[in-house]
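Worksheet for the structure shown next.
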Amino acid sequence: MVASIKARDDRAYRELLESVRLVEPEVEAITFEPSPDPKQVFMAFEDADRRQFRPHELSNGTLRMLALGAIIASRRSAALRSDVAPGLTMLEEPATGIFVRHLKGLLEALDD
């Protein structure tokens, strides 16, 4: 989902990065590397010095923030491309592993 957001909608990608930076300020970019299997995508994160680090090097809270940010970004992107209202999104225990102060802004963004 993150790779398709980056490829299709630059604004949504920047919003996604901002949500990740709330919990991991060093992230400057999310990059993707080619894979021998077209069904797989290799994701990496870069800091300001272009040093890469992999998802397994991030906290669970950061990865959850990335996932919630991707959901929000994809909903907004779809709503902008269509005159049809986006579908219902349900999140079970969204606060798990994310500092409440960071979560509040994300959940407000979901409730358009």
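The values are calculated or read from the model by the stated rules, or taken from the named source; none is laboratory data. Here the structure is a predicted model, which means the values were calculated and not measured. Note that we place each Cβ from the backbone using ideal geometry, even for glycine, and neighbour counts take in every protein chain shown. Just the protein is used for accessible areas: all its heavy atoms, side chains included, with ligands, DNA and RNA removed. Shrake-Rupley method; radii C 1.70, N 1.55, O 1.52, S 1.80 Å.
Per-peptide packing, taken as the mean over residues of other Cβ atoms within 10 Å, places 2-11, 54-63 in the sequence 2-11, 54-63 from highest down.
With both labels modelled 7 Å from their Cα along Cα-to-Cβ, the His102 to Val41 distance reads 2.1 nm. Is the shape of segment 27-68 rounded, prolate or oblate, going by the alpha carbon gyration tensor and its root eigenvalues a ≥ b ≥ c, with a/c under 1.5 for rounded and a/b larger than b/c for prolate? Judged from the Cα gyration tensor, segment 27-68 comes out oblate (a/c at least 1.5, b/c at or above a/b). Using a probe of 1.4 Å, the accessible surface attributed to Met43 totals some 50 Å² when neighbouring protein chains are kept in position.
A simple spin-label model places the labels of Glu18 and Arg54 3.2 nm from each other, with each point 7 Å out along Cα-to-Cβ. Report note on the peptides 26-36, 66-76: ranked by the mean count of other C-beta atoms within 10 Å, highest first, their order is 66-76, 26-36.
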